[in-house]
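The values are calculated or read from the model by the stated rules, or taken from the named source; none is laboratory data. Everything quoted here is computed from the prediction, not taken from an experiment. All Cβ positions, even for glycine, are placed from backbone atoms using ideal geometry, and neighbour counts span all protein chains on display.
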Amino acid sequence: MANPRIPYLFSDEGPKLNAPKEGAIMVHLVVNVEHWQFDASMPRTIITPPHGKETVPDVPNFSWADYGMRAGLPRIINAIHRRGLPASTSFNAGVIQAYPRAAEAMHEAGWEFIGHGVHQKALNHAEGEEALIATSLEMIESFTGKRPKGWLSPGLRESYDTPEILKRQGIDYVFDWVVDDVPRWMTTKEGPLLSLPYNLEVNDSIIYAVERHSSNEMYQRLENTLRLFEREAQTQPRVLAIGLHPHLIGVPHRFESLERMLDLLMKTPNVCFMTGESMAAWYTQQVPAPSV
């Protein structure tokens, strides 16, 4: 079955886009800040349970994520802030109560808050999906004073109805559909929804937690990607969304790679840094939503 939401096009075809004046390679730093519940099974593990039997509480694997919230996240916030870069957080709303200092620090830094559920649990495993999405957005709005316009589903998992629910809840753009290096309009029964790129290959969750590569692998992939994008961006802009998790890239032996990545991006010609909100505005000014 072909993609039921996004019409098929070659990435270098479709509307000709004028790049932002700051640069044709648009980098979006997305820090995934999650609430892993202590009294539930863990979304992912670093230590396999003895005899293959899952336990609750899962102290070592919970602590793996909890370390990221305590030690990894402040490192990431400081590295981005020192360089004066914009960033976004895909944000479990449960963090507001579980890790209030984390929520406050990102809000103070001026990051965009992107909806990411309440806890780190896939939407297609959750009961009452629309109520859960609404609750997460309301919690963020109450905390920040601004209702999120962007959404990244936990684990990028959706139900068949998620795009319609997101549209009804006031979401303008979503990062789950990792099909292109430029934005594309999605079809929903509630009207058009913008799909913004989110890279799975230059993403610490895939590189370190799933594929289990060495510490320098993410930097190498970024360097290779930039070389190609520098050529392709001469004819059509490119979006590079870099997914970061505090318990993965924020650990001591990998953190140097993140700092090298940020410095490489800053010195690469034709690179600019954007949030989801600024990228959506740039695209919709040139390619308005199709009429229903």
Between a first residue in the stretch 216-236 that is under 19 Å from ASP180 (Cβ atoms) and a second residue that is small (Gly, Ala, Ser) and part of a loop (DSSP other than H, G, I, E, B), which pairs have beta carbons less than 8 Å apart while being 6 or more apart in sequence or on different chains?
-> ALA233/ALA19; ALA233/ALA24; GLN234/ALA24; GLN236/SER11
What is the number of the single condition among (1) β-branched (Val, Ile, Thr); (2) touching a strand residue (DSSP E or B) at 6+ places or on another chain (Cβ under 6 Å); (3) surrounded by 22 or more Cβ atoms within 10 Å (Cβ to Cβ) that ILE249 does not meet?
-> (2)
Inter-residue pairs, beta-carbon under 9 Å, first more than 18 Å from PRO154 (Cα to Cα) and in the stretch 87-103, second modelled with pLDDT under 95 and surrounded by fewer than 22 Cβ atoms within 10 Å (Cβ to Cβ), 6+ apart | none
Evaluate the following for ARG147: is it surrounded by fewer than 21 Cβ atoms within 10 Å (Cβ to Cβ) and in a loop (DSSP other than H, G, I, E, B)?
-> yes
Restricting the search to the stretch 106-118, which residues are in contact with a helix residue (DSSP H, G or I) (Cβ under 8 Å, 6 or more places away or on another chain) and surrounded by 17 or more Cβ atoms within 10 Å (Cβ to Cβ)?
-> MET106, HIS107, GLU112, PHE113, ILE114, GLY115, HIS116, GLY117, VAL118
Give the residues of the stretch 31-66 that are part of a helix (DSSP H, G or I) and of a type outside the set (Gly, Ala, Ser), sorted by residue number.
-> PRO50, HIS51, VAL59, PRO60, ASN61, PHE62, TRP64, ASP66
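State which residue is surrounded by the fewest Cβ atoms within 10 Å (Cβ to Cβ) when the search covers only the stretch 163-177 and only residues that are assigned to a loop (DSSP other than H, G, I, E, B) and touching a Gly at 6+ places or on another chain (Cβ under 9 Å).
By that ranking, first place goes to GLN169.
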Quickly run through the stretch 72-108 and pick out the residues that are in a helix (DSSP H, G or I), within 23 Å of ASN203 (Cα to Cα) and charged (D, E, K, R).
-> ARG75, ARG82
Could you tell me which numbered condition LEU85 fails, if it satisfies all but one of (1) under 23 Å from LEU196 (Cβ atoms); (2) in contact with a Ser or Thr (Cβ under 9 Å, 6 or more places away or on another chain)?
-> (2)
